[in-house]
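The structure appears below as structure tokens.
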Amino acid sequence: MPGPDQNHGAMPSDEMTPVDGVSHHLAGLARVLEAEDDAALVVQQLLRLAENEIPGTAHAGATMLGQDGASTPLYTGDLVARLDALQYDVGEGPCLDALLTDTVRADDLAYESRWPRFAPVAVARGVRSVLAYRLSVRIGTVGVLSLYSPKPHAFSPAAERVGTSIAACAAIAMATIGERTQLRAALESRDVIGQAKGILMERYRVDAQEAFTLLSASSQHSNVKLRDVAERLAKTGEFTPPPTDRD
């Protein structure tokens, strides 16, 4: 029988962080996501879950990729928004690195050389450890889950594994936000283009196809997006007809 020093199957205490509670929460959030129209609410709940259940975490944030680049629309503290904005401004940091890799960790930013412009500012604002997870689904990378701690070496391997589980659920929720945002944008574009077509049909006594051709030609001639041309027309009545062959 093994003695006290021969407990081969035992793991260090920091490796025995239970994940049953987190798994239960994730299962519940997955069901909510399936029925919830506001996927952003699910992401916010996941950030709170990370903050409360991942040892060492003081703040959490979710980076989202959009047409205009990266942004952090969801977070548990203003410090996250400021630190993420700093990374976008200076073009470096764990959040940006995580977009290209799976997981980025910094055990002590006070001795970090990878991000010379980000790390000193983060330390000055009270952050020493960071964990950043790339959020990816079948269609590709959709964002990053970032965890911040005021303590150096705050995140144990067990904590990192729990974060991986939360990040997997967050990736699905973030992808859902993107899909629904794109869908809403597409529907809004269709509506405003329809309004603009109706105005042109009345103004120039043309049919729907001819009205759309006018919009497209004006967009190409002015080098302005079709939706923007249509929105300006629908809101203000302003429309610059494309030049004709006689012009």
Inset, instruction - Can you figure out the FRET efficiency of Arg114 with Val137, using R₀ = 41 Å and their beta-carbon distance, to the nearest 0.05? - result: 0.95
Legend entry - Cα pair count fraction exceeding 19 Å, expressed as % - the stretch 184-236: 18 percent
Legend entry - Reachable lysines from Lys197, criterion Cα separation under 21 angstrom, eight or more residues apart if same chain: Lys225, Lys235
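Counting every Cα pair in the stretch 62-162, what percent are over 22 Å apart? Let's see the in-between values first.
On the way: 1089 of 5050 pairs.
Looking at the stretch 62-162, the distances longer than 22 Å represent 22 percent of pairs.
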Inset, instruction - With a Förster radius of 41 Å, plug the Cβ-Cβ distance of His221 and Thr164 into 1/(1 + (r/R0)^6) and report the FRET value to the nearest 0.05. - result: 0.20
Inset, instruction - Evaluate E = 1/(1 + (r/R0)^6) for Thr101 and Asp228, where r is the Cβ-Cβ distance and R0 equals 41 Å; express this FRET efficiency to the nearest 0.05. - result: 0.65
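Would you mind counting up the charge near Ala211? Only other residues with Cβ under 12 Å from its Cβ, with Lys and Arg at +1 and Asp and Glu at -1.
Details: positive: Lys197, Arg203, Arg205; negative: Glu202, Asp207, Glu210.
Surrounding charge for Ala211 is 0.
Any read-out appearing in this document is the output of simple, stated calculations on the displayed coordinates, not a laboratory observation. All of these numbers come straight from a predicted model, not from anything done at the bench. Positions of Cβ are generated from backbone atoms using ideal geometry, with glycine treated the same way; all protein chains shown enter the neighbour counts.
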